[in-house]
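The values are calculated or read from the model by the stated rules, or taken from the named source; none is laboratory data. On a predicted model such as this, the values are computed, not experimentally measured, just so you know. Cβ: placed from backbone, ideal geometry, glycine included. Neighbour counts: every protein chain shown.
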Amino acid sequence: MLATIKRIYALPTATRPHAALTWVLGYLFALGLAVLAAPRAALQDPAPWVLALAYTLTAFVAQGWLALPGAHPLSAVLAPLIAIFAVAAVLVPQPGWAFWLAGGAGAAMVLGATLMWRAYRERGAVATLGARARALFPGPVPTGPLARVIVADPDELSAREREALRLHAAHGAALVHPAAVEANLKGRVDLDHVVPELVTGPPWIYARSKRALDLLLVLLVLPVVVPLVLVTALALAVAGRLWPEEAGPVFFIQERVGFRGRPFRMVKFRTMRVGSDRNGPMYAVNNDRRITRLGRWLRKFRLDELPQLWNVLRGEMSLVGPRPEPIQSAAAFAERIPHYELRTRVPPGVTGWAQVQQGYAAGDEETRVKLAHDLYYIQHASLLFDLYVLVRTVTTVVFGRGAQ
């Protein structure tokens with residue numbers, strides 16, 4: 001069931017069922033029950049009405065969250081429930097029974113709405129034609145005029161399937177190519193079908209909002225980050241004395257390719273031996289001998305990236321975006337990998353969608369996959385997507401996954 005719901009939400013936004021509206025209506029119905037059960041208590045207690053606002057907002061956020069690649073379908077249920085208890089703990093220290101009645105009934109409506117979309121799918125809301133589409137949506141293929149979305153590749157259809165496609169299209173169904181669904185499920189584009197003219201920079205309002213969010217988040221974490229930076233710098237200095245062969249400057253400063261190809265000086269903690277890049281940039285590999293003892297631990301938990309918050313404050317980087325490459329590496333990749341230069345159409349990031357999906361690249365083929373993730377992020381960039389990447393980054397840092 002959950003896999004089917006996830007595939008439905010992998011459809012383009014315009015053709016996806018809007019479950020959030022059902023959630024909101026369900027909560028309003030639950031709130032009405034509380035009012036009818038005890039009109040005076042419910043009207044005098046502000047808690048259910050505070051909950052209504054929080055629940056409505058999180059319902060729409062949860063719907064967008066569920067549409068993101070890799071987001072677990074249960075998050076659509078858990079997000080509103082977490083908001084309910086957060087509101088209860090912060091804004092309503094002593095909630096009455098009306099609050100819990102409305103909240104419990106509303107949570108039940110969320111689960112009911114989730115199950116409803118399974119029936120929505122089985123009823124024929126999504127029709128699949130062709131082997132490639134049926135692999136994405138396994139199950140019986142509807143033949144009636146009920147479908148609102150047709151997932152099909154017209155080039156692979158038989159004569160009978162083409163007739164079914166015409167029947168659904170005559171009733172206003174939208175056609176979605178299986179490649180579009182696969183891209184949303186995997187979180188990366190097909191590089192062989194990229195149209196450079198369609199990979200544009202972020203809208204003005206999103207760019208300004210993202211910049212404001214970057215500054216706000218950096219300022220909020222500074223009280224924690226500054227002591228951590230000082231301790232890390234001290235540890236690197238001590239490590240240089242303990243192991244003279246690993247001695248060197250605390251910080252590593254290198255020119256990287258920034259927004260729209262403009263170079264900038266990126267700063268991070270040094271994690272490699274001095275002179276390890278004298279032969280030019282090289283791919284990082286497992287058990288790389290160029291990495292210092294302390295540097296391996298810093299990379300595992302991404303602590304070497306903390307100084308880049310200075311680049312964020314200067315406006316040279318964002319918290320989320322494609323990772324900036326050294327100028328020499330970027331030029332070499334652009335010669336070998338088509339469309340590589342498109343990743344500079346948004347500001348580079350301290351973390352990125354490719355990092356949380358893949359980690360470090362260790363070859364040209366992995367760099368191609370990394371580029372496919374980056375271009376997907378550029379085409380679907382939003383503040384919600386940025387927050388999702390930041391949450392995924394926190395789990396990577398806590399568990400130390402994907403570091404080399």
Counted residues in segment 198-246 being out of contact with any Lys or Arg (no Cβ under 9 Å at 6 or more places or on another chain), under 30 Å from D288 (Cα atoms) and in contact (Cβ under 8 Å) with a residue 24 or more places away in the chain come to 6
Subset of segment 313-346 [among the β-branched types (V, I, T) and within 18 Å of D190 (Cβ to Cβ)] = I337
Of the criteria (1) surrounded by 15 or more Cβ atoms within 10 Å (Cβ to Cβ); (2) of a type in the set (A, V, I, L, M); (3) more than 15 Å from the chain's Cα centre (by Cα), which one V356 fails = (3)
Answer yes or no: is there a residue in segment 271-292 that is modelled with pLDDT of 90 or more and not in a loop (DSSP other than H, G, I, E, B).
-> no
Residue check: is R262 among the charged types (D, E, K, R) and within 21 Å of D386 (Cα to Cα)?
-> no
Of all helices (runs of 4 or more DSSP H) completely enclosed by segment 314-404, which ones contain at least 3 residues that are acidic (D, E) and farther than 22 Å from R211 by Cβ?
-> 364-379
Residues within segment 359-370 that are under 15 Å from E325 (Cβ atoms) and either modelled with pLDDT of 95 or more or not aliphatic (A, V, I, L, M) (or both), tallied = 7
Using beta carbons and a limit of 7 Å, which pairs, at least six apart or on different chains, have the first residue in segment 153-164 and in the same structural domain as A135 (by TED's automatic domain parsing) and the second one among the polar types (S, T, N, Q)?
-> A164/T143
Candidate set: segment 162-210, residues that are surrounded by 12 or more Cβ atoms within 10 Å (Cβ to Cβ) and among the β-branched types (V, I, T); chosen: the one farthest from P322 (Cα to Cα) = V176
Residue set E365, E325, E335, E341; condition in contact (Cβ under 8 Å) with a residue 60 or more places away in the chain and out of contact with any strand residue (DSSP E or B) (no Cβ under 7 Å at 6 or more places or on another chain); output residue E341
